[in-house]
Structures are given as C-alpha cells and as structure tokens.
Amino acid sequence: MPGAEGIAAQIRQVVEQVETVIVGKRDTVEKAVVALLCNGHLLIEDIPGVGKTTLAKTLALSLGCAFKRIQFTPDLLPADITGTSIFNQKDQEFEFRAGPVFANVILADEINRATPKTQAALLECMEELQVTSDGVTHPLPRPFFVIATQNNIEHAGTYQLPEAQLDRFLMRVGIGYPTIEDEVRILSQQVRSHPIASVRAVVSTEELLALQDAVRNVFVHPSVQNYIVELVTATREHHQVEVGASPRGSLALLHGAQAHAAAQGRAFVLPDDVKVLAPLVLAHRIVLSPEARARGIGDVAIISDLLNRVPVPVGVPKE
C-alpha cells in the first residue's frame with residue numbers, strides 16, 4: 001500500500017474523474033469520496049436537477065463498481081429492494097432472487113417517498129452489510145455504499161426519515177446551484193453528448209478496499225479523540241437541542257476525520273479535519289427543541305455554534 005502521498009494521489013484521481021461530469025462542486029465530490037472511504041453512507045438533500053443522481057452514477061463509474069438505482073415510490077415494497085425467495089419448480093425448492101441492493105454503489109433516489117417500512121428495509125443492509133430472507137443471511141458485496149437523495153422543498157406525498165434511518169448516514173450534504181461560469185461550462189459540455197459517457201475507472205475495486213483499510217490506520221491523537229467526544233457531548237447539553245448525537249456520531253466523526261486527513265495527504269488527523277466535517281456528520285443526528293424549530297434555527301447553525309464554543313486542542317502531535 002502506498003504512503004500518505006500515494007493514498008492522496010489515488011483519492012485525487014477519483015475526485016478529478018468525477019469532476020469531469022460534476023462541474024464546480026469539488027467540495028461536495030470530496031465529501032462523497034470521504035464518506036465512501038470510511039465505509040459510511042451519504043444523504044444528499046437538495047432540489048431537483050442539481051446533479052444528485054449524476055454524482056452517484058459518475059462516482060460508481062470512476063471506481064469500476066457495480067451501480068444500481070432504486071427509485072423510491074409509495075408503492076415500493078421491502079422485497080423490491082432486498083430480493084425475495086421464489087419457488088423453483090424444476091428443483092422443487094425455494095431459491096433467493098437478489099434485489100437491486102446487491103451492488104457496490106446504490107442510489108436510493110427520493111428515499112423519503114417510500115413508506116417507513118420500505119425505508120427500514122435498508123437499515124440492515126446499511127448497518128450489517130447483509131440481507132436476511134426466510135432466515136437465511138446473504139452478505140452484500142464489498143465495497144457497499146448507499147447514496148440516498150431527498151428533495152428538501154417538496155413534502156407532499158413524502159414520509160419523514162426516522163431518526164434511526166438518519167443515523168445510518170455518515171454525512172448529509174447539499175450540492176446547490178452552480179455559478180454562472182460553471183453552468184455555462186455544463187451547457188458547453190452537453191451540446192452534443194453527456195460527458196458521463198467518457199468516464200473511466202481510475203481505481204479498481206481491490207484498490208478501493210485497500211484504501212478503506214489504509215484510512216483506518218491514520219493516526220488520531222488522544223487529544224483529538226477527546227475533542228470529538230466533547231463536541232458530541234455538547235450537542236446533548238445544548239439548551240436548544242432535545243436529543244443530541246449518539247456514540248455512533250462520535251465514531252462517524254472519528255472515521256470521517258481519518259478519511260479527510262488521508263485525502264489531504266496526511267497520516268495524522270488535525271482538529272481542522274474534525275471542524276470541517278462536524279456540520280456534515282452531526283447536524284442530521286440532533287433533534288432540535290420545539291422552541292428552536294419555532295424560531296427557525298437550523299441544525300447546522302447549532303453545530304457551528306458549538307464549534308465556536310468547544311476549546312480546540314493545540315500542538316497536536318503527529319504520531
């Protein structure tokens with residue numbers, strides 16, 4: 001496995017390949033790759049038409065991974081996602097027919113349009129990396145990465161994601177509108193064809209798995225670990241937060257910081273890695289108090305406030 005610079009170079013290759021299609025959104029692309037590197041899952045919350053689906057498909061193509069899109073609708077059933085057992089008349093026994101979740105990169109498009117029961121079908125897949133059908137466990141392929149999308153302006157005919165489901169997503173990000181210059185570039189790129197047709201795999205599945213293992217070896221000093229715990233604890237004590245982040249949030253922030261450090265070419269985590277990722281990792285894990293919601297205070301604003309309050313460790317050793 002290459003050193004810190006080699007790891008960063010491979011990550012940079014993936015980001016730059018995705019950027020040939022997703023124009024002007026390097027920060028979002030990098031965060032998506034960070035979530036993938038630490039075996040997490042990604043929730044993209046934004047308006048229609050900004051490239052949520054394209055980002056997922058382009059990332060899969062850049063990695064040479066199997067990609068499946070699941071369009072979530074109110075009539076979608078759990079078996080439509082995970083698969084079902086079908087009686088084989090020739091062999092006179094039931095056999096399992098795998099659903100679309102058996103791929104490396106899964107796009108759960110408009111996940112909040114499906115019923116809670118169907119949403120919950122993803123829980124075991126995302127957390128346990130397996131599907132259980134008729135008492136038989138079927139492991140999912142590795143790597144396994146779920147990118148879920150939801151429209152944050154249209155709520156008719158949708159079901160709010162339960163806290164248990166939200167907690168399974170390592171990060172929640174947005175994409176946003178492109179700048180005028182970037183939108184002109186998008187138009188120029190797609191006059192004759194879509195640039196996704198020329199996307200190639202720059203990292204193999206084996207290399208990606210090795211990168212995921214390497215990320216876990218990035219050094220995290222105890223003072224940085226303590227900083228993470230203090231931030232998460234502060235979410236539980238904030239007067240405008242009804243339910244704070246759980247220990248899963250602490251672990252998500254730890255592993256996310258390791259991946260972010262690796263992407264920057266470092267073999268150690270700095271407090272800045274934690275600060276960059278905290279709003280993306282923790283904001284969707286807290287439940288605001290009724291007073292905060294009534295006053296229109298957002299969850300990201302709460303995390304930003306805590307980042308200004310919690311003391312940052314200084315002079316962190318690199319090993």
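Readers should treat all values here as calculations from the given coordinates under stated rules, not as data from a laboratory. Note that the structure is predicted; figures quoted are calculated from it, not measured. In this analysis, Cβ positions are derived from the backbone assuming ideal geometry, glycine residues included, and neighbour counts consider all displayed protein chains.
Worth pointing out:
- Derived scalar couplings between HN and Hα for the stretch 113-122 equal 8, 8, 5, x, 5, 6, 4, 5, 5, 7 Hz in order, rounded to whole Hz, by the Karplus curve 6.51 cos²θ - 1.76 cosθ + 1.60 (θ = phi - 60°), x for Gly and Pro.
- ³J(HN,Hα) computed for each position of the stretch 89-101 - Karplus, 6.51 cos²θ - 1.76 cosθ + 1.60, integer Hz, glycine/proline x: 5, 5, 8, 6, 7, 7, 10, 7, 9, 5, x, x, 5
- For the chain, a Gaussian network of Cα nodes joined below 10 Å ranks S223, S246, S188 by mean-square fluctuation, and the top entry is S188.
- A convex hull fitted to the Cα coordinates of the stretch 2-46 yields 74 cubic angstrom per residue.
- Exposure proxy ranking, count of Cβ atoms within 10 Å, fewest first, for F67, F96: F96, F67
- Net charge dipole, the stretch 105-164: roughly 80 debye, given to the nearest 20, about the Cα centre with Cβ charges of +1 for Lys and Arg and -1 for Asp and Glu.
- Extreme residue, positive dipole direction of the stretch 218-309, given options L282, S246, A259 (C-beta unit charges): A259
- The share of alpha-carbon pairs in the stretch 143-289 lying farther apart than 26 Å comes to 44%.
- Straight-distance crosslink candidates among aspartates and glutamates, where the alpha carbon sits under 15 Å from K52 and sequence neighbours closer than 8 are dropped: E19, D27, E30, D109, E110
- Exposure proxy ranking, count of Cβ atoms within 10 Å, fewest first, for K68, K31: K68, K31
- Convex hull volume per residue for the stretch 218-309, taking Cα atoms only, in Å³: 78
- Over the chain: helical MRE at 222 nm, DSSP H runs n ≥ 4 each giving -39500 (n - 2.57), nearest 500: -13500 deg cm²/dmol
- Area projected by the alpha carbon convex hull of the chain, averaged over all directions, nm²: 19.3
- Cα centroid of the stretch 223-252 to Cα centroid of the stretch 177-200, whole Å: 40
- Which of L42, L288 has the fewest Cβ neighbours within 10 Å, and the rest in rising order: L288, L42
- Check: the stretch 65-140 dipole with +1 on Lys, Arg Cβ and -1 on Asp, Glu Cβ, in debye: 220
- Counting only Cβ charges, +1 for Lys and Arg and -1 for Asp and Glu, the dipole size of the stretch 218-309 around its Cα centre is about 120 debye.
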